[in-house]
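Heads up: the structure comes next, in structure tokens.
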Amino acid sequence: MELDLKEIHDFAVGVAEAAGKVLLTRSSLVKNKANSVDLVTEVDEKVEAIIKKEIALRYPEHNFLGEETYSAGSLRVYAIGDEPTWCVDPIDGTVNYVHLFPMICVSIGFTYQGKSVVGAIHAPYLNQTFSAYQGGGAWVNRTTRLPYQNHPLAADAPRGCVFACEWGKDRRDEPNSNLSRKVDSFVNMATEIGGRNGMGGMVHGIRSLGSAALDLCYVATGAFDIWWEGGCWEWDVCAGVIIVQEAGGLVTTANPPDSTESPVPDVGLGSRLYLAIRPAVATESESSRDAQERVVREVWKRVRALDYSRPTE
């Protein structure tokens, strides 16, 4: 199958921006899903239905996977195959939306042969649209190419980096819960060099936007050096992954392998475990990819493995 990715990109951007106008109408009806921090609003469902309809009219042969229709089912199997598939989050940052915090977005991703190849993320309160397609670069508002700034990664990174992360919806108060593992990892990254039995990363700051899609956008701009997260679903990251990649960044797995010298794998879209490193220019002694992989390994040394398994059938 031959796909016109630029045409799909332009269509996705238009649909995302139109959907963003609907978000600005707001809604008073809020429902809990898994718990009190896993929310859905009337607007989530309305926007997803609008996006699905537009895609079906333009590309009736394509598959569609949306957060709200998927979440309404009883299974959590990975549903993206090799066929052209749209992967949509109508509101990424629903808790932000409910609390009037402006870090929300419509996230529309498109996959082919199991890979993210088009992404459009529109943040209506910021009046920004981040987008990319495979081979076409990454952009803001279709006019400014990403990253905003591109400079080498520090030789002693993560020291001096901005580290982005999210608390997630798993709030179990248990010694080995994902929440406890995340907090340990956050503290490791923040603690002074030599602290935490040598785990201290001394990052400049830790940021949590409440939106995985926008976290990835800010990695693509270069504003965030590192984003580490577990627990997201494919619709949270599908659009953002290709935006980071086309900007020149790297996306891989959050969980450290048995050896931190193991090869750095490509991101598993349905893995629920993600680590992104910003774009970087090469130096005389190191390629940009080598620098990014070096930072990946330094992060792996300081974070705990997360457990976000999912059923396979």
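Values computed for the structure shown
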| read-out | value |
| --- | --- |
| Complete set of residues in the stretch 82-117 that are among the hydroxyl-bearing types (Ser, Thr, Tyr), within 21 Å of Lys46 (Cβ to Cβ) and in contact with a Cys (Cβ under 9 Å, 6 or more places away or on another chain) | Ser107 |
| Test: residue in the stretch 24-44 that is over 19 Å from the mean Cα position of the chain (by Cα), more than 18 Å from Gln128 (Cα to Cα), modelled with pLDDT of 95 or more and not in a helix (DSSP H, G or I) | no |
| Residue in the stretch 123-132 that is over 14 Å from Val244 (Cα atoms), assigned to a strand (DSSP E or B) and either among the acidic types (Asp, Glu) or in the same structural domain as Ser288 (by TED's automatic domain parsing) (or both) present | no |
| Subset of the stretch 159-198 (residues that are assigned to a helix (DSSP H, G or I), farther than 17 Å from Leu306 by Cα and of a type in the set (Gly, Ala, Ser)) | Ala190, Gly195, Gly198 |
| Per-region count, the stretch 143-158, residues closer than 17 Å to Gly248 by Cα and either in contact with a strand residue (DSSP E or B) (Cβ under 7 Å, 6 or more places away or on another chain) or not in a loop (DSSP other than H, G, I, E, B) (or both) | 3 |
| Failed criterion for Trp235 (all others in (1) surrounded by fewer than 23 Cβ atoms within 10 Å (Cβ to Cβ); (2) within 21 Å of Pro90 (Cβ to Cβ) hold) | (1) |
| Any hit, the stretch 45-53, residues being in the same structural domain as Val117 (by TED's automatic domain parsing) and modelled with pLDDT under 90 | yes |
| Subset of the stretch 139-158 [modelled with pLDDT of 95 or more and in contact with a Pro (Cβ under 6 Å, 6 or more places away or on another chain)] | Pro147 |
| Matching residues, the stretch 180-207, being of a type in the set (A, V, I, L, M, F, W, C) and touching a helix residue (DSSP H, G or I) at 6+ places or on another chain (Cβ under 8 Å) | Val187, Met189, Met199, Met202, Val203, Ile206 |
| Hits in the stretch 269-288 - residues which are in contact with an Asp or Glu (Cβ under 6 Å, 6 or more places away or on another chain) and small (Gly, Ala, Ser) | Gly270 |
| Enumeration of residues in the stretch 150-177 that are surrounded by fewer than 20 Cβ atoms within 10 Å (Cβ to Cβ), touching a Ser or Thr at 6+ places or on another chain (Cβ under 8 Å) and under 16 Å from Arg278 (Cβ atoms) | Pro152 |
| Cross-chain or 6+ apart pairs with Cβ under 7 Å, the stretch 3-17 first and touching a residue at least 24 places away in the same chain (Cβ under 8 Å), then part of a helix (DSSP H, G or I) | Phe11/Arg58; Val15/Ile51; Val15/Glu54 |
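A quick yes/no check of all residues on (1) closer than 18 Å to His151 by Cα; (2) surrounded by 14 or more Cβ atoms within 10 Å (Cβ to Cβ):
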| site | (1), (2) |
| --- | --- |
| Gly240 | no, yes |
| Thr252 | no, yes |
| Pro256 | no, yes |
| Ser262 | no, no |
| Gly270 | no, yes |
| Ala291 | yes, yes |
| Val296 | yes, yes |
| Arg304 | no, yes |
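The values are calculated or read from the model by the stated rules, or taken from the named source; none is laboratory data. These numbers were taken from a predicted model, which means no experiment stands behind them. Quick reminder, even Gly has a Cβ in these numbers, built from the backbone with ideal geometry, and neighbours come from all protein chains shown.
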